[in-house]
Amino acid sequence: MASQTITLDVNGEIHTVTVRASDTLLFTLRGKLGLTGSKPGCLNGDCGACTVNVDGWPMKSCLMLAVEAEGKKVVSIEGLHDTPIQRAFVEEFAFQCGYCTPGFIMNCHSLLKQHPNADDRTIKEWLESNICRCTSYIEIEKAVKSVLRKG
């Protein structure tokens, strides 16, 4: 299969990588850039473990081709540094095994940026895009709400 060289803006750094047309952003982040925080889960867009932010919106990186990310700003969990939602996940015990946590944090980070006054319904709708098999979503909702309360 033919490959091509693309330029990606990931976590504020410019990377030049050679990819096949069928390579997903998830595969490229993990395999080419060594950014393993985005997790392969279902690989079909159901679980959200691979969620990253693309131009400020959550995106399941298993569904996006790497070539589609060219010209966009991609932020993975490695690109967040001590954000309010990361601290809230710790404070509210919003994780257990941690496998899904990076995807949830990226999704919640986008939620807080896109809806700084999110109501309960909006929070629940956004959390529906990610799956956790270890914990209830109550702690995750508490983490989001605690950040909203703090402004």
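The values are calculated or read from the model by the stated rules, or taken from the named source; none is laboratory data. These numbers come from a predicted model, not from an experiment. As a convention, Cβ positions derive from the backbone with ideal geometry for all residues, glycine included, and neighbour counts pool all protein chains shown. Note: areas computed on protein heavy atoms with side chains; ligands, DNA, RNA excluded. Shrake-Rupley method; radii C 1.70, N 1.55, O 1.52, S 1.80 Å.
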Out of everything in the range 112-122 that is surrounded by 11 or more Cβ atoms within 10 Å (Cβ to Cβ) and in contact (Cβ under 8 Å) with a residue 12 or more places away in the chain, what residue ends up being farthest from the chain's Cα centre (by Cα)? Ala118
Of all residues being open to solvent by 70 Å² or more (accessible area, probe 1.4 Å) and touching a helix residue (DSSP H, G or I) at 6+ places or on another chain (Cβ under 8 Å) in the range 123-141, which is modelled with the lowest pLDDT? Just the residue, please. Tyr137
If the requirement is being open to solvent by less than 20 Å² (accessible area, probe 1.4 Å), touching a residue at least 40 places away in the same chain (Cβ under 8 Å) and not hydrophobic (A, V, I, L, M, F, W, C), which of these qualifies: Gly41, Gly37, Gly56, Gly45? Gly37
Residue under question is His109, and the condition is that it be open to solvent by 20 Å² or more (accessible area, probe 1.4 Å) and under 16 Å from the mean Cα position of the chain (by Cα); does it hold? yes
Of (1) outside any strand (DSSP E or B); (2) modelled with pLDDT of 95 or more, Met1 satisfies every one except (2)
Residues located in the range 28-44, provided they are closer than 27 Å to Gln114 by Cα and not in a loop (DSSP other than H, G, I, E, B): Thr28, Leu29, Arg30
I'd like the residue in the range 72-85 that is out of contact with any strand residue (DSSP E or B) (no Cβ under 8 Å at 6 or more places or on another chain) and open to solvent by 40 Å² or more (accessible area, probe 1.4 Å) and, out of all such residues, is nearest to Thr28 (Cα to Cα). Glu78
Considering only the range 94-106, state which residues are open to solvent by 70 Å² or more (accessible area, probe 1.4 Å) and in contact (Cβ under 8 Å) with a residue 60 or more places away in the chain. Tyr99
Val67 passes all but one of the listed conditions (1) closer than 30 Å to Arg20 by Cβ; (2) under 15 Å from the mean Cα position of the chain (by Cα); the exception is number (2)
When every residue in the range 121-139 that is in contact with an Asp or Glu (Cβ under 8 Å, 6 or more places away or on another chain) and not in a loop (DSSP other than H, G, I, E, B) is compared, the one nearest to Asn44 (Cα to Cα) is Leu127
Check the range 45-65 and report whether any residue there is in contact with a Lys or Arg (Cβ under 7 Å, 6 or more places away or on another chain), within 25 Å of Asp119 (Cα to Cα) and among the hydroxyl-bearing types (Ser, Thr, Tyr). yes
